[in-house]
Amino acid sequence: MKHIMLLSGAGLSAPSGLKTFRDNDGLWEEYDVMEVCSASGFRRNPKKVLDFYDMRRTQLGNVEPNHAHKVIANLKKQYGEQLFVITQNVDDLLERAGCYDVVHLHGFLPELRCMNCKHIFNIGYETIADKICPQCQSKKLRHNIVMFEEQAPEYTTLHNLLQQTDMFISIGTSGQVLPVWQYASMCEKSILNLMEREEHLEPYFSKVYVENIITAIDKISEDIRDFMQ
């Protein structure tokens, strides 16, 4: 039985209007990334970090899944356990498009985690203010996001699933966080999609689409169907 891994990054959700780290306008521009996205930054100024993630939840509630999210959700429905859907994104747009069993490597923005009992619960797009843990009633809560300087437990899931993967697909990630070229080298077939050329990545992939994911996803979908025949 063939298995496919589809790994996505910020380029998947950018067409929906979610800002990426590389954007020079909007949400990220006025922040030092290490102040709001690192464990040491959280220890120094937890309110600043929690306010930042409140803003991100508000933004997420105002955008919708795009065509690529919907195509991936349909592919998941078609291929089920043969398609591993893994994302570096913390948004819920794949889920809202109807995709299930999504592995979020870096956490999930609509969720909070209790720092007292470790319980995780969903608050949607609401603010963390005045929330309490439904399990232990503690007010010591944080965002359920993996910050810099913290371990990402789902990386173990990623590496285990890679051992079963025959086709690897990388969508909208520059390879700066994860070594996608290594993952491609481990598989029989591989596809890379990016908005801009990345000469250090492209030689490792069987096929490369340098274009917006909105136009690339239908081609990738056909590639998957051809491979699975």
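The values are calculated or read from the model by the stated rules, or taken from the named source; none is laboratory data. Predicted model, so just to flag it, every value in this text is computed and none were measured. Glycine also receives a Cβ, built like all others from the backbone with ideal geometry; neighbour counts cover every protein chain displayed. Please note that ligands, DNA and RNA were not included when accessible areas were found on the heavy atoms of the full protein model with its side chains. Shrake-Rupley method; radii C 1.70, N 1.55, O 1.52, S 1.80 Å.
GNM on the chain, alpha-carbon springs under 10 angstrom: the most fluctuating residue among Phe168, Phe121, Phe84 is Phe121.
Just so you know, the Rg over Rh for region 36-159 is 0.99, from Cα atoms, with Rh as the Kirkwood radius. Annotation: Asp91 carries an accessible surface of approximately 20 Å², with a 1.4 Å probe and no ligand, DNA or RNA atoms counted.
How far, in degrees from 0 to 90, does helix 213-228 lean away from the longest principal axis of the Cα atoms of the chain, to the nearest 10? In the chain, helix 213-228 runs at an angle near 60 degrees to the longest axis.
With viscosity set to 1.002 mPa s and temperature to 20 °C, compute the Stokes-Einstein D of the chain, Rh being the Kirkwood radius across alpha carbon pairs; µm²/s, no decimals. Intermediate values should be presented prior to the final figure.
Values: Rh = 18.4 Å.
Stokes-Einstein gives a translational diffusion coefficient of 116 µm²/s.
For the chain, the relative contact order is 23 percent, taking Cα pairs closer than 8 Å that sit 6 or more residues apart in sequence and dividing their mean separation by the residue count.
With bins 5 Å wide beginning at 0, the percent of Cα pairs of region 66-131 falling in each bin runs 4, 16, 23, 21, 15, 11, 7, 3, 0. For region 184-229, what class follows from the C-alpha gyration tensor (a ≥ b ≥ c being the square roots of its eigenvalues): rounded when a/c is under 1.5, otherwise prolate if a/b is larger than b/c, else oblate? Oblate. Sequentially through region 141-154, phi angles give Karplus couplings (6.51, -1.76, 1.60; θ = phi - 60°) of 10, 9, 5, 8, 10, 6, 8, 3, 6, 10, 6, 10, x, 6 Hz, Gly and Pro residues having no value and appearing as x.
Backbone amide hydrogens, once placed in the peptide plane, bring Glu111 within less than 5 Å of Ile123, Asn144, excluding anything fewer than 5 places away on its chain. A Förster radius of 45 Å, combined with the Cβ-Cβ distance separating Gln137 from Lys77, puts the computed FRET efficiency at roughly 0.70.
Per residue, the convex hull around the alpha carbon atoms of region 123-229 comes to 176 Å³.
With +1 assigned to the C-beta of every Lys and Arg and -1 to the C-beta of every Asp and Glu, and no other charges, what is the dipole magnitude of the chain about the Cα centre in debye, to the nearest 20?
Working: 24 positive and 31 negative charges, 161 e Å.
So the magnitude is around 780 debye.
Find me the longest stretch of the chain that has none of the exposed GluC sites (Glu not before Pro), where exposed means in a DSSP loop (not H, G, I, E or B) with at most 10 other Cβ atoms within 10 Å.
31-195
Structure remark: mean-square fluctuation, Gaussian network model of the chain, C-alpha springs under 10 Å; the largest value among Cys99, Cys187, Cys133 belongs to Cys133.
Is the shape of region 151-211 rounded, prolate or oblate, going by the alpha carbon gyration tensor and its root eigenvalues a ≥ b ≥ c, with a/c under 1.5 for rounded and a/b larger than b/c for prolate?
Oblate shape, in that a/c is at least 1.5 and b/c is the bigger or equal ratio.
Near Val208, the amide H atoms lying under 5 Å from its own belong to Leu192; only residues 5 or more places off or on other chains count, and H is placed 1.01 Å from N.
Heavy atoms only, probe 1.4 Å: what % of the accessible area of region 92-229 goes to carbon and sulfur, would you let me know?
Accessible surface attributable to carbon and sulfur in region 92-229 totals 48 percent.
Averaged per residue, region 128-180 has 52 square angstrom of accessible surface, using a 1.4 angstrom probe with ligands and nucleic acids left out.
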